[in-house]
Amino acid sequence: MQNATIDRRSCPKAAAGRNHRRAFALFALLPFLAVSCSEEPQASKTAAAAARPQVSVTVLHPQNVAVTAELPGRTAASLVAEVRPQVTGIIRARNFREGSEVKEGDVLYEIDPATYQAAYDTEVAAVQKAEGALPSAQSKVDRYKSLAQQNAVSAQDYDDATSTLAQAQADLASARAALETARINLDYTKIRAPIDGRIDESSVTVGALVQAAQTTALATINSLDPINVDVTQSSTNLLKFRRAVEEDRLKMSGDNVAVRLILEDGSTYAQNGTLEFTSASVDKTVGTFTVRATFPNPDRLLLPGMYVRAIIEEGVAQNSFLVPQRAVTRNAKGEATAMFVDADGKVAQRILPVQQSVGNSWLVSDDIADGDRVVVEGLQQIKDGQGVTATEVILDDATGMIKQSDAGTANPADQAALSPDRK
């Protein structure tokens, strides 16, 4: 049997059916093609915006910033007195407790006063003897004076009587001086506190022999309220400070400069101090000079020799900016740099002339304008000239960490890039 081959092109009904099915299929796809063509530009915009890195920024505003210097130093007693004997003798009593507070004039030690009491009594007798000889000599002079006027005695006898009177007066004065010396030595047998303060340990005990000219102190008294804090400052920083004042970048705080104190454990001392003086010369070996501040110390929390850090208010930097330290990095040259976001959402890197740290920020007075936005989070994923999506945040001044979002929205340029085109 022979297979018959049918030429479908020659069949009018078959060709008409195929054309009808193609038209119906194209008609069914038209809505999807229209939707796809209309959403393609918008989808590309959304994808481009979504590809922009997310960063957090904070807005900078000018302000008057108190410029402080944190300097290391040590505490020192405001008064120091070494207790020493002024007469020789045996210690008979010690009248204080080591480490206690003493008052000026308190009797600290008692030296056996027997020999000094005897010397005092001897001088008392010598004064009485001199006083007894004086009236007789005075009477003789008075009597010879009247007789000399009558030529009843010779002028020589009158001169001798006058000389005897003068000698008696001198003996009385000498005896009184010796009595005062004996009284002073007797009083020195009671060794008294020269100042108020806290007394350290005693170097001698009862029964020890002490001498007037000995080099070893019996004890030391330190006056702790107020207490001094001596810190060192470099001469380089002093020159920078004076240059800033001359250029009106820094306004001095005045004569009453407040000083705060950071203790060894990192805590802040409750009492503020005052600046007393700065040394008039610079140490040749290390190039520093000494600054002394005085602090009240009613609770005796501060003791001499403690290591502390003093925060001294040097002045006020007017119309300056505080750039968060977390926003600042260093380039290969060691220069401080930061990323700023402009109004178009583009990142621009700037070199900042940082002056010093203030808390968790850097003090900058130049190359920043009011309202500039600096990147504080997301620095690792951006580069200079790149478009970003910026969200404004607020930083905690105490920790430098992000506290909360200020607006919670992107800048206008970022919002325009993210919002769909509904037209």
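Just so it is clear, none of the values below were taken in a lab; they were calculated from the coordinates. On a predicted model such as this, the values are computed, not experimentally measured, just so you know. In this analysis, Cβ positions are derived from the backbone assuming ideal geometry, glycine residues included, and neighbour counts consider all displayed protein chains.
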From the backbone phi of the stretch 125-134, what are the Karplus-calculated ³J(HN,Hα) couplings (6.51 cos²θ - 1.76 cosθ + 1.60, θ = phi - 60°) in whole Hz, Gly and Pro given as x?
5, 5, 5, 4, 5, 5, 5, x, 7, 6
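If we sort 306-313, 294-301 on the protection proxy, mean other Cβ atoms within 10 Å, highest first, what's the order? Before the final figure, lay out each step's value.
Working: 306-313: 17.9, 294-301: 15.0.
Per-residue Cβ counts within 10 Å, averaged per peptide and sorted highest first, yield 306-313, 294-301.
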If packing is taken as the average count of other Cβ atoms within 10 Å, what order do 88-101, 316-329 fall into, highest mean first?
316-329, 88-101
5 Å is the cut-off here: which amide hydrogens, built 1.01 Å from N in the peptide plane, fall below it relative to residue 153, excluding neighbours closer than 5 in sequence?
148
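For 229, 102, what's the fewest-to-most ordering of other Cβ within 10 Å of each Cβ? If you can, show how the numbers build up before the last one.
Values: 229 25, 102 22.
Going from least to most buried by this count: 102, 229.
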Give the relative contact order (percent, whole number) for the stretch 113-188; include only Cα pairs under 8 Å separated by 6+ residues.
52 percent
